[in-house]
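The values are calculated or read from the model by the stated rules, or taken from the named source; none is laboratory data. Keep in mind that what you see is a predicted model, and the values were worked out from it rather than measured. Using ideal geometry, Cβ is built from the backbone for each residue, glycine included, and neighbour counts are taken over all protein chains shown. Note: areas computed on protein heavy atoms with side chains; ligands, DNA, RNA excluded. Shrake-Rupley method; radii C 1.70, N 1.55, O 1.52, S 1.80 Å.
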Amino acid sequence: MRPPTRAQPLPWDMPPKLTPSADDITIGGAELAGEAMAAGLVDECHLFLGPIVVGGGKRALPDGVRVQLELLDEHRFKSGVVHLRYGVRI
């Protein structure tokens, strides 16, 4: 299944027009986040990187999801964890 684009219908029911909101929502999970990104519903992406490499596990996003990101902010913690805040380019 190809991820939806803005011209394709969304895989869930939603109002025909979205209105901006002052409230942010958080989307988690590779499949749901990937569908939301492909549908153009994501405006920011926050990544936390830890100073350890572990092989295996689930991918962060499913195949076929591609978005252009712009680094908006970064923060390095004493523990070595780095928080990266990206804006999604439209």
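Filter segment 5-36 for residues that are of a type in the set (Ser, Thr, Tyr) and at pLDDT below 70; which is surrounded by the fewest Cβ atoms within 10 Å (Cβ to Cβ)?
Of everything passing the filter in segment 5-36, THR19 is surrounded by the fewest Cβ atoms within 10 Å (Cβ to Cβ).
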Original post:
Which one is farthest from GLY87 (Cα to Cα) among residues in segment 22-42 that are in a loop (DSSP other than H, G, I, E, B) and of a type outside the set (A, V, I, L, M)?
Top reply: GLY29
Original post:
Which of the residues that make up segment 37-54 are within 14 Å of VAL67 (Cβ to Cβ) and among the aliphatic types (A, V, I, L, M)?
Top reply: MET37, ALA38, ALA39, LEU41, VAL42, LEU47
Original post:
Does segment 53-69 contain at least one residue that is open to solvent by less than 90 Å² (accessible area, probe 1.4 Å), under 14 Å from ARG89 (Cα atoms) and not in a loop (DSSP other than H, G, I, E, B)?
Top reply: yes
Original post:
Mind checking which residues of segment 37-52 are open to solvent by 90 Å² or more (accessible area, probe 1.4 Å) and over 16 Å from the mean Cα position of the chain (by Cα)?
Top reply: PRO51, ILE52
